[in-house]
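Visitor: Encoded as structure tokens, here's the structure I'll be asking about.
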Amino acid sequence: MTTTARATGLYPLFADLAGLPVLVVGGGSVAERKAAALLDAGARVRVGAPWLNPALTQWAAAGRIEHLAGEFQPAWLDEVWLVIAATDDRAINAEVAARAGERRILANVVDDPALSRFQVPAVIDRAPLTIAISTAGAAPVLARRLREQLEAQLDHALGPLVALAQRHRPAIARRLPDLAARRRFYDWLHDGPVMALMRSAQPEQAEQALLEALRQPQPASTPTGSVVLVGAGPGAPGLLTLQALRALNEADVILHDQLVSAEILALARRDAERIDVGQRGGGKHTPQEHVHQLLLQHAQAGRRAVRLTDGDPFVFGRGGEEMAFLRQHGIACAVVPGITAAVACAAYAGIPLTHREHAQSVRLLTAHCKESLDSMDWAALAQERQTLAIDIRVALLDVLTAGLLHGLHPDTPFALVENGTRPRQRVLCGVLQQLPALARQHAIHAPAMLVVGAVAALADAHAWFGELLHDPGAP
């Protein structure tokens, strides 16, 4: 049965245009974008237009594209495989599409589905892996939004992994003629040490792991356990890195600190096991040795474990100890840095930690127990033109302030950031000698980050998030 009705769906197609002539009609910025994508695909690009924008002019002078000067002529379509009409004149675009149709050449008219025979999708590039998203021209903005969401999910190591699998595809097929066994092997490639090595920018070692697996009497096909030490940042889910988000979506089990926000945990894979190890400064917590054993047990069971810490695992965290322990036991371990709380809390309070006029250096300190305060070099902390960013247990503010006042002027500005980057953020500003009293007066609680130095005074003018507090008695 035949029909003349226009189909509502599109036939998905990835075109190999390497070395083939294609035509772009138009000489502006839209034509430039289309020509650039075609050049990336290896096509021989002709651009037809009375004039070209600066970039296209430069490409033509360099021989990257061929310029067909003047108004559109049907002869421009000679020998081309496809055409894109990218002018701002619909009549010209319609003429290009009509003449292309007569020659059975696929044509796309930018932002005009009715005149187009193919649509250019939103693309996620993990070459040689390519993912295309199309709304059949109905809502290209939504296609771009979907692309943005998928970009956050898809690891950049997928491209090199696909290229590796492509190189060894004949050997894999020979070694594993059974389709089910081959599928399990490809699952192992993605879930096991080969992908982990690709993520770690170790392609040669990844290839050796693949070849070694193929040499085994029974090629590996079961998942290999691993651990990723992930920094959750200071609490705001929007500050989580893309790589951290991918790790959370791949995790079988997540061991997290108490300070990791519920909003961040909600971004993890729904069926992932969540274990609160209670690491919170000054509060009840799981002994570090037990955390080590939990990570080891899950990894040895073939699970993908994420150790999720607030801030950054290598800045006042136990990430260094955890990595050393896991390496000693032969467990693959990677690190995903987080935005450390000092940087994020200061930024959300409008405080630059360094400033040409006020501070040329910054010290990151932690004060969660009296022992850490006893080891402070108070003279070094009193040096001029520096900023102190202190992850502080609020109960120790009196002891900390007394120590700082050994070398700092009593009127040194401070800013105490409570719940930094989170919806209940408060920023308390004042001078150092008043710090403990003001913190008690405003009932400041953990988590809190203290910034001391001239830059702290900038919070008065530049604080932009949450509530700004002051000494009620100040003028």
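Visitor: Quote the convex hull volume per residue of region 45-165, based on C-alpha atoms, as a whole number of Å³.
Guide: 154
Visitor: What value does the chain have for Rg/Rh, both radii from Cα atoms and Rh as Kirkwood defines it? Write down the numbers at each step before the final one.
Guide: Details: Rg = 29.7 Å, Rh = 27.0 Å.
For the chain, the value is 1.10.
Visitor: Quick one: 345, 429, fewest Cβ neighbours within 10 Å first, how do they rank? Don't skip to the answer; put the middle values down first.
Guide: Details: 345 32, 429 24.
Ranking 345, 429 by Cβ neighbours within 10 Å, fewest first, gives 429, 345.
Visitor: Positive end of the dipole of region 351-468, charges at C-beta (+1 Lys, Arg; -1 Asp, Glu), about the Cα centre: which of 430, 465, 441 has its Cα farthest in that direction?
Guide: Ranked along the dipole, the leading option is 465.
Visitor: Counting other beta carbons within 10 Å of each residue's own, what order do 376, 198 fall into, fewest first?
Guide: On the way: 376 17, 198 26.
The order, fewest Cβ neighbours first, is 376, 198.
Visitor: Which angle from 0 to 90°, rounded to the nearest 10, does the C-alpha axis of helix 319-328 make with the longest principal axis of the chain?
Guide: 70
Visitor: Here is a follow-up. Short version: what are the Cα gyration tensor semi-axes of region 158-215, square root of 5 times each eigenvalue, largest first, in whole Å? List each step's numbers first, then the result.
Guide: Numbers: eigenvalues 68, 23, 20 Å².
In descending order the semi-axes read 18, 11, 10 Å.
Visitor: Could you state the number of Å between the C-alpha centres of region 40-57 and region 61-137?
Guide: 12
Visitor: Quick one: plug the Kirkwood hydrodynamic radius of region 36-81 (C-alpha pairs) into Stokes-Einstein at 25 °C, 0.890 mPa s, and report D in µm²/s.
Guide: Values: Rh = 11.2 Å.
Rounded to a whole number, D works out at 220 µm²/s.
Visitor: Hey, another quick one. Would you mind finding the longest exposed-site-free stretch of the chain, with exposed chymotrypsin sites (Phe, Trp or Tyr not before Pro) meaning DSSP loop and at most 12 other Cβ atoms within 10 Å? Don't jump to the answer; show the numbers that get you there.
Guide: Working: sites that count: 14, 51, 464.
Here the longest segment lacking exposed loop sites spans 52-463.
Visitor: Shape call for region 226-339 from the C-alpha gyration tensor, a ≥ b ≥ c root eigenvalues: rounded (a/c under 1.5), prolate (a/b greater than b/c) or oblate? Provide the component values of the computation, followed by the final result.
Guide: Numbers: a/c = 1.44, a/b = 1.18, b/c = 1.22.
Judged from the Cα gyration tensor, region 226-339 comes out rounded (a/c under 1.5).
Visitor: Kindly put 449, 195 in sequence by how many other C-beta atoms sit within 10 Å of each C-beta, fewest to most.
Guide: Numbers: 449 27, 195 23.
Ranked by crowding around the Cβ, least crowded first: 195, 449.
Visitor: Region 347-388 to region 301-318: how many Å between their Cα centroids?
Guide: Comparing the Cα centres of region 347-388 and region 301-318, I get a distance of 26 Å.
Visitor: Considering only DSSP states other than H, G, I, E and B, which GluC sites (Glu not before Pro) in region 345-394 qualify as loop sites with at most 14 other Cβ atoms within 10 Å? Walk me through the numbers on the way to the answer.
Guide: Details: sites: 357, 371, 384; in loops: 357, 384.
Of the GluC sites (Glu not before Pro), the ones in loops of region 345-394 whose Cβ has at most 14 other Cβ atoms within 10 Å are 357, 384.
Visitor: Give me the one-decimal Kirkwood hydrodynamic radius in Å for region 305-440, with the sum taken over alpha-carbon pairs.
Guide: On the way: mean 1/r = 0.0604 Å⁻¹.
Across region 305-440, the inverse of the average 1/r is 16.6 Å.
Visitor: Compute the long axis of helix 203-215 from its Cα atoms, compare it with the longest principal axis of the Cα atoms of the chain, and write down the angle in degrees, 0 to 90, nearest 10.
Guide: Long axis of 203-215 versus the principal axis of the chain: about 70 degrees.
Visitor: Rounding to the nearest 20 debye, state how big the charge dipole of the chain is about its Cα centre with +1 on each Lys and Arg Cβ and -1 on each Asp and Glu Cβ.
Guide: Working: 44 positive and 47 negative charges, 279 e Å.
Value, rounded to 20: 1340 debye.
Visitor: State the answer as a single residue: which of 347, 414, 315 lies farthest towards the positive end of the charge dipole of the chain, with beta carbon charges of +1 for Lys and Arg and -1 for Asp and Glu, about the Cα centre.
Guide: My answer, from the dipole projection, is 315.
Visitor: Region 283-324: which trypsin sites (Lys or Arg not before Pro) are DSSP loop and have at most 15 other beta-carbon atoms within 10 angstrom?
Guide: On the way: sites: 284, 303, 304, 307, 318; in loops: 284, 303, 318.
Loop-located and lightly packed - 284.
Visitor: In whole Å, what are the Cα extents of region 411-475 along the three principal axes, biggest one first?
Guide: The Cα atoms of region 411-475 stretch 29, 24, 20 Å along the principal axes, largest first.
Visitor: Still on this model: If contacts are Cα pairs under 8 angstrom and at least 6 residues apart, what is the relative contact order of region 346-469 in percent? Spell out each step's value before the answer.
Guide: Values: 253 pairs, mean separation 41.4, N = 124.
In percent, rounded to a whole number, it is 33.
Read the figures in this text as sums done on the coordinates, not as results from a lab. It should be emphasised that the depicted structure is a prediction, and the values quoted were computed from it without experimental measurement. We place every Cβ from the backbone using ideal geometry, glycine too, and count neighbours over all the protein chains shown.
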